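Note sheet for the following structure.
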Amino acid sequence: MRGIRRRGDRRDLPQLPGCHHRPTTTLAMFNLAAKGAAMAIGALPALGDGNEARSLTQQWARAIYEDQPAGPEITGIHYRSGYNSGQALALWDCDADVEVVREDGGHQQDIALDNPRILPRLQVQLRRRQISITTVTSSECNECKKLALAP
């Protein structure tokens with residue numbers, strides 16, 4: 001149920017759209033998408049299917065991070081995304097163990113979603129999935145305002 005991603009290993013990452021980082025060292029991952037993995041940490045099997053409400057999956061993500069039911073050596077989870085049954089990784093406390101991928105010219109491949117090269121394509125894909133979107137500035141964003149007020 002656990003998977004290890006070796007230093008610089010990206011062989012399974014190309015299928016993950018938007019993945020622009022790679023590990024620089026060994027990372028111990030809990031594969032929540034594996035059969036029986038959710039039950040192994042005390043969750044219902046449906047948690048690994050990517051069909052649960054975001055509020056529930058966020059609670060479980062916090063519990064996996066804080067309570068460490070998968071073990072203290074785990075630095076993240078591999079799971080099925082709720083978006084088109086895609087694959088996703090959630091990493092924690094390992095900033096020094098990943099690097100931003102650079103293209104041959106040396107430019108980082110971590111591009112902001114509001115970048116003019118990215119935003120139009122993102123908007124098209126979201127609309128195709130009937131996901132309504134509104135672009136707002138950080139001064140109009142309620143979440144940004146909350147973060148600005150946080151101690």
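Read-outs: derived from the displayed coordinates by stated rules, not from any lab. All figures in this text were calculated on a predicted structure; none of them were measured in a lab. With ideal geometry, Cβ positions are generated from the backbone for all residues, glycine too; neighbour counts draw on all protein chains shown.
Quick one: Kirkwood hydrodynamic radius for region 72-151, alpha-carbon pairs, angstrom, one decimal? Please list the in-between numbers first.
Values: mean 1/r = 0.0615 Å⁻¹.
One over the average 1/r among Cα pairs gives 16.3 Å for region 72-151.
Of the GluC sites (Glu not before Pro) in region 65-122, which ones lie in a loop per DSSP and count no more than 11 other C-beta atoms within 10 Å? It would help to have the intermediate numbers written out before the result.
Numbers: sites: Glu66, Glu73, Glu99, Glu103; in loops: Glu73, Glu103.
Passing both the DSSP loop test and the Cβ count: Glu73, Glu103.
How much length, in nm to one decimal, is gained on full extension between Leu44 and Arg128, taken as 0.36 nm per residue of separation minus their Cα-Cα distance? Mind showing how you got there, number by number?
On the way: separation 84, 0.36 × 84 = 30.24 nm, distance 3.12 nm.
That pair, Leu44 and Arg128, stretches by 27.1 nm at full extension.
Under the 0.36 nm per residue contour assumption, what length would be gained going from the current alpha-carbon distance of Arg117 and Asn31 to full extension? Please report the intermediate quantities before stating the final value.
Working: separation 86, 0.36 × 86 = 30.96 nm, distance 3.27 nm.
Once the chain is fully extended between Arg117 and Asn31, it gains 27.7 nm.
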> Non-local amide H neighbours of Leu27 (under 5 Å, H modeled in plane, Pro and chain starts lacking H): which ones?
Replying inline: Arg5
> Long-range amide H contacts for Val98: which residues qualify at under 5 Å (H placed 1.01 Å from N, peptide plane, sequence gap of 5 or more or a different chain)?
Replying inline: Thr24
> Dipole of region 111-151 (Lys/Arg Cβ +1, Asp/Glu Cβ -1, origin at the Cα centre): which of Leu149, Leu113, Gln125 lies farthest to the positive side?
Replying inline: Gln125
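What do you get for trypsin sites (Lys or Arg not before Pro) in region 90-121 restricted to DSSP loop and a cutoff of at most 14 other Cβ within 10 Å of the site's Cβ? Don't jump to the answer; show the numbers that get you there.
On the way: sites: Arg102, Arg117, Arg121; in loops: Arg117.
Passing sites in region 90-121 are Arg117.
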